[in-house]
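Working notes, beginning with the structure itself.
The values are calculated or read from the model by the stated rules, or taken from the named source; none is laboratory data. What you see is a predicted model; the values in this text were computed from it and never measured. Cβ placement follows ideal geometry from the backbone for every residue including glycine, while neighbour counts extend to all protein chains displayed.
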Amino acid sequence: MNRGVERILATLRRAPGLTKEEIAERAYVGLNTLSGGGYLKTMRREGLIFISGWRRNGSGSFTTPLYSLGCGPDYPKPGVDEANRDAPGMAQLLEAIAKFGPIDYRQAARLSGLSLNTVKNSDYLDALLTQGKIHISGWRRARNGPMRPVYMPGARESEPRLQPMTAAEKSRAFRWRRAIAANSASFAARFMSRSR
């Protein structure tokens with residue numbers, strides 16, 4: 001058996017679940033020799049090592065195989081979905097919500113240092129909801145737009161979305177606000193005339 005192969009096997013015996021870069025460093029085998037020379041491929045074909053897991057990259061995808069001793073079947077490469085998604089932006093949002101919650105997505109973007117478009121389009125908040133790291137504690141009516149969820153940390157039951165107001169309810173609310181404004185103006189005028 002080749003000395004390089006012996007060093008690789010000894011390395012994996014001491015520390016299973018290593019990347020090819022970690023194997024190269026600990027077994028004193030050149031990275032090009034390890035992967036380009038076919039050591040890993042040959043050792044897998046002979047049943048000496050197998051892929052025992054996968055490591056995430058910086059964007060949260062599983063791209064780096066981990067090698068261990070043995071002839072087991074290779075661990076399948078996991079797909080990324082809302083339940084196992086992980087990204088640095090998600091951690092920043094979670095930190096902002098934990099520190100400043102309850103906040104909506106606009107406030108979360110500003111307080112986390114992420115752009116509003118990133119927060120809106122990345123589905124980071126949906127992933128955090130699915131993972132139970134945050135919940136919707138209520139809904140805030142936007143000035144000119146739909147209701148916005150307000151987020152808090154923790155795994156609790158999220159508040160259901162409020163139904164939009166019907167045209168009749170909007171009209172009634174407008175008349176109510178107008179009546180309040182008229183009454184407060186007449187009250188102020190009466191108060192001012194008495195104080196003279």
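Across the stretch 10-29, which residue is farthest from F50 (Cα to Cα) among those that are modelled with pLDDT of 90 or more and assigned to a loop (DSSP other than H, G, I, E, B)? Selected residue: A15.
Looking at the structure I just gave you, is R85 over 17 Å from the mean Cα position of the chain (by Cα) and either at pLDDT 85 or above or under 27 Å from F62 (Cβ atoms) (or both)? So that I can check it myself, show each step before the final result.
Values: over 17 Å from the mean Cα position of the chain (by Cα): no; either at pLDDT 85 or above or under 27 Å from F62 (Cβ atoms) (or both): yes.
In short, no.
Taking the criterion of being under 24 Å from I134 (Cα atoms), touching a strand residue (DSSP E or B) at 6+ places or on another chain (Cβ under 7 Å), among the hydroxyl-bearing types (S, T, Y) and in contact (Cβ under 8 Å) with a residue 24 or more places away in the chain, would at least one residue in the stretch 56-73 satisfy it? Looking for residues that are under 24 Å from I134 (Cα atoms), touching a strand residue (DSSP E or B) at 6+ places or on another chain (Cβ under 7 Å), among the hydroxyl-bearing types (S, T, Y) and in contact (Cβ under 8 Å) with a residue 24 or more places away in the chain, one finds none in the stretch 56-73, hence no. N32: in a helix (DSSP H, G or I) and not assigned by TED's automatic domain parsing to the domain that holds I136, yes or no? For N32, the condition - in a helix (DSSP H, G or I) and not assigned by TED's automatic domain parsing to the domain that holds I136 - is met.
For the stretch 90-108, indicate whether the set of residues that are surrounded by fewer than 12 Cβ atoms within 10 Å (Cβ to Cβ), free of Cβ contacts under 8 Å to residues at least 24 places away in the same chain and either farther than 30 Å from H135 by Cα or of a type outside the set (D, E) (or both) is non-empty. Spell out how you get there, then give the answer.
Going residue by residue through the stretch 90-108, those that are surrounded by fewer than 12 Cβ atoms within 10 Å (Cβ to Cβ) are 99.
Within this subset, residues satisfying the condition of being free of Cβ contacts under 8 Å to residues at least 24 places away in the same chain are 99.
From the residues that got through so far, the ones that are either farther than 30 Å from H135 by Cα or of a type outside the set (D, E) (or both) too are 99.
Yes, the conditions are met somewhere in the stretch 90-108.
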